[in-house]
Structures are given as structure tokens and as C-alpha cells.
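See below for the structure under consideration.
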């Protein structure tokens, strides 16, 4: 039993979902509190929001979840953008706005997301990083309920959450859009969990596919349900005829692909088990309905198949609607930026796809690296972008241009590509012929997709404005006339001082009560280590099955970032029909190399403080 640690007081710029009330830990005394350190760009954080929903429902009279928003990107520091994100992602608990990461530092968070459990007496009892902790949290909550009911320190009753007013708009945080053959537009209405068909003017509602309630039911248009759908892909007519549906939908939070028959609006599940991804899938053909997907965000017809931007695990996958098979297409699941053969490339939350007019190149919006990548001839390259921590709004040569968390791309007939530069509120253009990036339009509210009409008009899915916006005629021709040399940003977190030479990396993982490490799908643990710059590490890169690793730090390098990915598979112990779980986290740990630095770097995947 370690010494009990008092939870630091909750302080920030303001609160959301509390009816304008500032909360203190004293207000929460008697409740079990989970402080969820998150940032709304982070796909793992969005996974955790979904994992917490059943716990909030089950333990509503004893549990209070507090979202502590600790932003990575500059745009995420904006209070209005945070309020929009809280609504967009259905966050139904109080959220503390922590733009300067003060609470992040106070609670010693190292990664997005980090969960801290506080008992009814105000003491920290557990810290967890990454996703996959729901079952372990449930067991811990049960233990805390039993302990504190016996002590008389548990107080049941309603929590401090106050729901905001329900807005009235046709669309609510639309994600992606496609043009239909009849000239209408089909839009994924993400926050209303449905698809919306609009007349060519992009304002008049024609029909809605989906009930509007969060769910995963197949069936007729009025009864089918989705959960925060995003990408849409129209199948070639001959493929649609064989498959039995015309449109594939990335049903993001359900971890599914859905098929839609446009004539009737009927919805059917075509890929995904509905379980979040658990273990590596190779590029061989697998039964599409048996594979576990992870937050599919966009789709494109490329190389005679549907390519999936699998944002949740930093990969591209493929889906064959005729053979009803699926598999891995590109990426290793390491979250970083590295070009090369598709099976070796690194990505970071790919969120937008578009195919060049000649069909040779697949453009990819790699959002967390603020990069535009491309696939061609079995290789992934980078057109614009410098990595996980460099972003901004800078036009000019592609090698020095900067974006900020782009979510969409649209290939143009001339070979250039339009970019929905989401967190800059802009539409940008990259022209490979000149190697230049320019700004087409700015002042937009989180553009998430761009559509080009046959007449040459540009439509922007202006997500945070809940509409589709038509750019002014001539906007493309004028691109580059007003070159933007805007702010340059770098994500700065306090570096960890490490000594040159040998460094022991220890990932701390304690299985939840009643669970044990499980090797049903292979080794129960996995650790992947790399560095930026690569020369920071003389030894220790690569993949192993141990959660401890000997690294050798280069004394000739001043510092950099250690990229660490760890996962642990567990199953219920001594149970006939055991439930299995995967806990996973990616860390980007900034380090500074100094003579008196640490010789050990501990990272907590799941640790108990008491």
C-alpha cells in the first residue's frame, strides 16, 4: 500500500456542461470521479469517450466523469471550438477547459488520453493511459463502491452534469459529402447519426437515411441507425449491381462499414464485427464481417477496391464488396510520419481520401501529422507536412508549407489537390507541377471535406457551421494571389531529461482485478519504439513482446521525441466464457539529453496508486 495522494484541485479557464457553475473537488466529495485528460483531435480520446458511456449509464448515481481538455493543436485552445467539439462528440459530462495544460502537469499526464480515478474521499487511486480500460474501470468502481459504502463515505444521487440546449439546424456537424447521379448531395450528418440528401442548392432537405438516434441497426431508412458516420463512397455501377447496394458508409464509432441501397434507403452492415480492433490483420483476404475495424473515417474507390482510412489505428485497409473480404492495405499501426513501401509506412490518423483523375494516385489527409500523403505504385510518400508536432498556416514551397490537422482532400482534374485544412479554417491547394501550396479560402468553420461539381464549383463541408458552403466563382483561379505566411506552431510539452548512454524504458501495466494477461491471439504484450530524429537512439528501436526495453541514447544529439507504442491483451481469469480486452497507447515523449538526466523512463499504461 503506497502513501495516499490527494487529487490536485481542478482549475481551468472555465467549465462546460455544468450550467455555468465552476466545480471543485469538494463539490464531488462522496462520488467516484474519473478525470479524463483528452484533446478533441485525438482518435484514441474519442474511443475513450465511447468506452466511458456505458459506465456513466451504469454507475450514474455514484460516478462522475470530468473531461479535462488539454489541447495539442492551437485551434483546440479556442473556447468556442472546444464547446463545438463537446457537442459534436456527444460528451454528456462536465468538461474543464485547461488550455495551458496546467491540470495536465498537476496530474503528471504524459499521453492523450490519460484517465485518473479519484475515490470518494478525494484521493487518487489509479492512473491509466490509452484506450481499452472500460472493463478494468468497472471492476475498480465496484471495489470502490463496496469499500466506501461500508465506510459511509459514498453519496448516491445525481451528478453535476447540465445538458445544453438542443440546437435547430438541418445538419449538425456534417462530416463528408458525395455528389449523386441526380445532382443531389449526400452528406454524413455525424452528430445526428444519419445521412442527409440535399437538393443541388445544398440547403433543401430531400430525405434522411437513419432515425437520428445513435445505434447500429440495419433496416429501412427510417429505422436504421448509425453512430457518428463520416466517409461515403459510391461504388462503380457494375460493382454495385453485384454487391446489392450503391454506397458504402464509414460508420465510425460503430467500427463498421454499412451499405446503402439509394433507391430505397435500406441499410445493411457489410464489413466489421462491431468490436473495436484488437490484433494485427495482414494484407490477405479475411471475411469482411469477421474483422475488427477501428474508427473508419473516410473511403475511396481505388485499385479496384474500397480503401478505408482507418483513423483509429493509423492505417489504410481495403474492402472488396464483391468478394466480401477485407484486409490491411498500408501502415504498421505506429503513429508517426514515415514514407516507404506501403507495409512499412507510418501514418497518424488518416482521415481523408481522394483519387486522382487518372486513377493512379490516392491522396491521403494524414491529420495528426498535419500532412498530405499519397499512395502510388505501392509506395507512400509525403507531399506536405513535417510530423506530429509541427503545424501552422504557411503557404509556399511544399517542403516548408504548414497545415493544421487537415481532414479532407479533393483531387482536381489538373493533378492538383484541394485540402480541407480543418483547424486553420481554410481550403488550401497543393500543385505537384509547381510544388507550391496556396490558400484558396479561409475564415471557414472547421472544413472537413471538399467536393468538386461537374460544373467546376467547389463545395466545402463547413462542419462547425453545420452547412455546405459554395466558394466564390474564380476561387481556384485566384489561389496563390494572396500567399499566407501565417503562424508556425510546434507542440511544446515539458521534456523529460535523460542521460546519454543506457536508458531503461519500463511500461507499467497491472491487469485489472480478476483479469490476467492473455495469449489467445499471440503474445499478450507488444512494445514498439522509434525516435525522431532517428539518430537519437543508437540501440533499442523496433518491436518486441516485452514491456521493458534497454535503449541507448546518443550523446551527440541534444534531444528529440521517443515514439512508444505499447499494448497488453487480457482476459477474465478462471471464467468459462472469458471476455477479452486490449489496452493500447501511443506516446510521443519529448526528451532532452543532459549528463545528469534519468537512466529510467517509466510510462504508465495501467497503474494502481493504492
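We did not get these values from a lab; they are worked out from the coordinates using the rules stated. Keep in mind that this is a model prediction, so the values were computed, not measured. Please note: Cβ atoms are built from the backbone with ideal geometry, for glycine as well, and neighbour counts cover all protein chains shown.
Remarks
- Likely footprinting exposure, 409, 440, fewest C-beta neighbours within 10 Å first: 440, 409
- When shorter helices are ignored and each DSSP H run of at least 4 residues is given -39500 (n - 2.57), the per-residue value for the chain at 222 nm works out to -3000 deg cm²/dmol.
- Longest to shortest principal axis, alpha-carbon extents of region 1-166, angstrom: 46, 34, 27
- Where Rh is the Kirkwood radius over Cα pairs, Rg/Rh for region 331-483: 0.94
- Principal axis box of the chain, alpha-carbon based, largest edge first, Å: 70, 58, 48
- Rough spin-label spacing in nm, given labels placed 7 Å along Cα→Cβ, for residue 360 and residue 595: 5.7
- 581, 405 arranged by Cβ crowding within 10 Å, fewest neighbours leading: 581, 405
- For the chain, the longest principal axis of the C-alpha atoms and the axis of helix 134-151 are separated by about 40°.
- Efficiency of FRET between residue 379 and residue 323 - r from beta-carbon atoms, R0 25 angstrom, step 0.05: 0.50
- The chain: angle of helix 43-58 to the longest principal axis, Cα-based, in degrees nearest 10: 60
- Spin-label model, residue 539 to residue 23: label points 7 Å out along the Cα-to-beta-carbon direction sit 4.8 nm apart.
- Against the chain, whose longest principal axis comes from its Cα atoms, helix 79-88 is set at around 80 degrees.
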